[in-house]
Amino acid sequence: MNVALLLGDPVKHSLSPVMQNAAFRACGLDWQYELHETSRERLKETIVHLRSNGFASANVTIPHKEAVVEFLDDITDHASQIGAVNTIIKRDGRLIGDNTDVYGFTQSLRDAAVELRGIRAVVLGAGGAARAATFALAEQGAERITIINRTEPRAVKLAHDLWNHFPKLNVEVGAISSITTAHLIVNATSVGMSPNEDASPMHWSFPRGATAVDLVYRPLQTKFLRDAERAGVRPISGISMLVYQGAAAFKLWTGQDAPIDLMLEQAMRALRNREA
Ligand code: NAP
């Protein structure tokens with residue numbers, strides 16, 4: 001049996017085992033997806049452990065997407081550009097880091113018919129998820145990206161990395177005044193994630209006619225999305241991104257197309273059961 005692990009802290013909330021194990025079963029694959037709560041201190045030794053037989057691959061989540069890079073044998077150009085890894089593939093005993101969050105973000109907005117070309121976006125956060133969202137927005141031709149983060153130097157670093165790859169992109173850090181003219185507001189912080197369901201990182205009014213995307217998917221209706229809807233702003237949950245990034249990881253690990261509809265159905269069912 002091949003075992004895929006989810007490395008992160010916390011991971012208890014994750015829907016990935018439900019989604020990936022259903023996909024493995026549906027495709028007749030002898031694979032098992034397991035949670036592996038990993039503290040910052042134990043990340044390096046966990047990666048060493050991953051090299052032993054029996055482990056086929058892994059996903060990486062909060063807070064290790066950037067820190068894990070230095071412990072891998074190689075990372076793809078795509079993950080290197082973004083500076084964050086969410087998927088590890090084992091090839092000939094070597095651990096290769098890749099990033100499927102950019103694809104997940106882009107595809108989820110494409111599914112919702114949200115135009116990204118030429119838009120002005122505000123991204124709250126500057127961690128691994130914010131890196132994926134901002135690089136996706138830049139790749140899709142966004143006109144302006146404003147990054148707002150609690151720890152400003154982290155946002156400045158992300159802005160510099162974006163400029164390195166997209167020299168003509170209009171990137172701002174901490175420009176609160178840009179919110180009023182934004183088309184898209186993205187919550188890429190972990191604020192509002194269960195059990196802190198009454199918290200939101202959006203301390204300003206939502207701009208009229210905008211779209212709000214919350215990468216937090218548990219609960220489905222976060223305070224950020226509830227406030228957006230109340231302000232007449234279209235709310236989009238991160239559940240779709242979760243499924244698309246997971247489907248892309250599934251393909252990288254197994255070489256097979258993932259049963260996306262089944263993964264979404266399983267993830268939604270698990271979420272509703274937990275919320276009931
Ligand atoms: P991360 O690298 O640890 O970054 C966390 C971000 O949240 C940082 O910007 C951090 O700000 C900010 N933050 C945390 N607590 C805060 C607080 N109390 N007040 C203000 N800001 C706070 O984590 P990540 O990997 O980017 O993940 C962020 C969220 O996105 C998580 O909830 C994760 O589950 C979700 N996510 C969802 C998907 C999906 O497919 N839907 C994919 C990836 C991630 P500082 O820099 O100041 O610490």
The condition from (1) under 18 Å from GLN140 (Cα atoms); (2) open to solvent by less than 20 Å² (accessible area, probe 1.4 Å) that ALA228 misses is numbered (1)
Filtered residue count, region 17-41, keeping only those that are within 16 Å of the ligand (Cβ to nearest atom), open to solvent by 10 Å² or more (accessible area, probe 1.4 Å) and more than 20 Å from ASN53 (Cα to Cα) = 5
Answer yes if at least one residue in region 50-65 is within 15 Å of the ligand (Cβ to nearest atom), open to solvent by 40 Å² or more (accessible area, probe 1.4 Å), over 24 Å from ARG274 (Cα atoms) and of a type outside the set (Phe, Trp, Tyr), and no otherwise.
-> no
Could you name every one of the strands (runs of 3 or more DSSP E) located completely within region 119-195 that has at least 1 residues being closer than 17 Å to ALA212 by Cα?
-> 120-124, 144-148, 184-187
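Residue by residue, here is whether (1) without any contact (Cβ under 8 Å) to a residue 24 or more places away in the chain; (2) more than 22 Å from ALA4 (Cα to Cα) holds:
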residue: ALA67; (1), (2): no, no
residue: ILE75; (1), (2): yes, no
residue: GLU139; (1), (2): no, yes
residue: ALA142; (1), (2): no, yes
residue: THR146; (1), (2): no, yes
residue: GLU152; (1), (2): yes, yes
residue: LEU158; (1), (2): no, yes
Long-range neighbours under 8 Å by Cβ, at least six apart or interchain, first residue in contact (Cβ under 8 Å) with a residue 12 or more places away in the chain within region 236-251, second within 7 Å of the ligand (Cβ to nearest atom) and hydroxyl-bearing (Ser, Thr, Tyr) = SER237/TYR217; GLY238/TYR217; ILE239/TYR217; MET241/TYR217; LEU242/TYR217
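Given ALA126, ALA121, ALA133, ALA138, which one is surrounded by fewer than 24 Cβ atoms within 10 Å (Cβ to Cβ), assigned by TED's automatic domain parsing to the domain that holds VAL216 and within 25 Å of GLU172 (Cβ to Cβ)?
On the way: ALA126 fails: surrounded by fewer than 24 Cβ atoms within 10 Å (Cβ to Cβ); ALA121 fails: surrounded by fewer than 24 Cβ atoms within 10 Å (Cβ to Cβ); ALA133 fails: surrounded by fewer than 24 Cβ atoms within 10 Å (Cβ to Cβ).
The conditions single out ALA138.
The values are calculated or read from the model by the stated rules, or taken from the named source; none is laboratory data. Worth saying up front: this structure is predicted, and the values here are computed from it rather than measured. Glycine gets a Cβ as well: all are built from the backbone with ideal geometry, and neighbour counts include every protein chain shown. For the accessible areas, the whole protein counts, side chains as well, though only heavy atoms, and no ligand, DNA or RNA atoms are used. Shrake-Rupley method; radii C 1.70, N 1.55, O 1.52, S 1.80 Å.
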